[in-house]
Amino acid sequence: MRSLIDILELSTAEIDELIDVAKDIIADPKKYSEKCHGKTLATLFFEPSTRTRLSFEAAMYGLGGNVLGFASSDSSSAAKGESVADTVRVVSGYADIIAMRHPKEGAPLVASMHALVPIINAGDGGHNHPTQTLTDLLTISREKGRFNDLTIGLCGDLKFGRTVHSIIGAMSRYDNVKFVLISPEELKIPGYIKQDVLDKNNIEYVETRSLEDAIPELDILYMTRVQRERFFNEDDYIRLKDTYILNAKKLEKAKSDLSILHPLPRVNEIAVEVDSDPRACYFEQALNGKFIRMALILKLLGVE
Ligand code: NCD
């Protein structure tokens, strides 16, 4: 039995396989519509979500399976003080696979040690978000046709942004990938990611404050929201929240084949006028999330 807690638990060959299956699902969804007949997915979301939870649910329905779960911790027994270990042990009796989001870093890992069915980390605090990264990789594959030879700008909240941490890990395994880390001083990438991922793998990266200076060299621009819920005080959030706003003017100097990604939800960091730019990929990216999660569910349930 296999869970997915960290994106690096999947080899690059397995990621290629998942992407191939996702593309096949896109081409012929009917072929997959009964693959999970009689199977149940539980979505245990102790933290808010729109895309991740609904795309997991849409994915399971698209495979002909069933879904149960809860969408907030106050509607579950967590509000009564139940531990994650007990919750997943019980839910293991009701479901064949569990997708879990939790505000505490490491909670899905703990869950995987107590569950009797596979656990998928659907985001743990400011740590990791492996299925968002699979979504991002499918999007990059469809947009660029390669994972090598890319200059990737990551912009916004690199400190608390779990999607950023996971995508850096995943992309660090390909050749000639360069990162441009764009953030204010207070929201720089954590030291452990620099040491354990970037330096350890000899990945080229620069840190900058300026989106304008960085934009011309980028193949991919990954915008992120400032993670309000992880701040200790609201004043800091208010001061930092609008540091970056991508608009048509800033995009004038970008490559014509730039791909603009964002895990969503967007707050202010991409002006709505950018949505009609052919380089904007974030709504397609959200749709890709359903297909790659279908592929992942099939893999973890061992369905042919
Ligand atoms: C992201 C998350 O939850 O980390 N959202 C998502 O899953 N698509 C990004 C965010 O909330 O900013």
Which three lengths, in whole Å and largest first, does the range 131-285 cover when its Cα atoms are put on their principal axes? 42, 38, 29
Please calculate how many Å² of accessible area the chain carries per residue, with a 1.4 Å probe and no DNA, RNA or ligand atoms counted. 43
Kyte-Doolittle mean at least -0.5 and Cα extent at least 18 Å along the axis: which DSSP H helices of the chain qualify? 12-27, 282-301
Please check: in the Gaussian network model of the chain (C-alpha springs, under 10 Å), which one of Ala280, Ala122, Ala271 has the largest mean-square fluctuation. Ala271
Using a cut-off of 27 Å between alpha-carbon atoms, which lysines can reach Lys39, once sequence neighbours fewer than 8 places away in the same chain are excluded? Lys23, Lys30, Lys31, Lys290, Lys299
Listed residues Ser75, Ser92, Ser49, most fluctuating in the chain (Gaussian network, C-alpha, under 10 Å): Ser75
Please give the Cα centre distance for the range 1-73 versus the range 89-152, rounded to the nearest Å. 10
Out of the total accessible area of the range 1-91 (probe 1.4 Å, heavy atoms of protein only), what percent is carbon and sulfur? 50
Could you please state, rounded to a whole Å, how far the C-alpha centre of the range 281-304 is from the C-alpha centre of the range 170-185? 24
Hey, what's the per residue convex hull volume over the C-alpha atoms of the chain, in cubic angstrom? 127
Cross-link reach from Lys144 to aspartates and glutamates, straight Cα distance under 12 Å and at least 8 residues apart if same chain, gives Asp136, Asp219, Asp257
If you place +1 on the Cβ of every Lys and Arg and -1 on the Cβ of every Asp and Glu, how big does the dipole about the Cα centre of the chain come out, in debye to the nearest 20? 520
Using a 1.4 Å probe over the heavy atoms of the protein chains, calculate the carbon and sulfur portion of the accessible area of the range 131-285 as a whole percent. 45
Less than 18 Å apart at the alpha-carbon level, and either on another chain or at least 8 residues along: which lysines does that give for Lys104? Lys80, Lys159
Along the three principal axes, how long is the range 1-99 when you take its alpha carbons, biggest first, rounded to the nearest angstrom? 45, 29, 26
Gaussian network model of the chain, Cα within-10 Å springs - most flexible of Gly145, Gly65, Gly156: Gly145
Evaluate Rg over Rh across the range 33-91, taking Cα atoms for both radii and Kirkwood's formula for Rh. 1.03
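The values are calculated or read from the model by the stated rules, or taken from the named source; none is laboratory data. Computed from a predicted model, the values in this text were never measured in an experiment. Heads up, the Cβs are rebuilt from the backbone with ideal geometry, glycines too, and the neighbour counts pull from every protein chain shown. Just the protein is used for accessible areas: all its heavy atoms, side chains included, with ligands, DNA and RNA removed. Shrake-Rupley method; radii C 1.70, N 1.55, O 1.52, S 1.80 Å.
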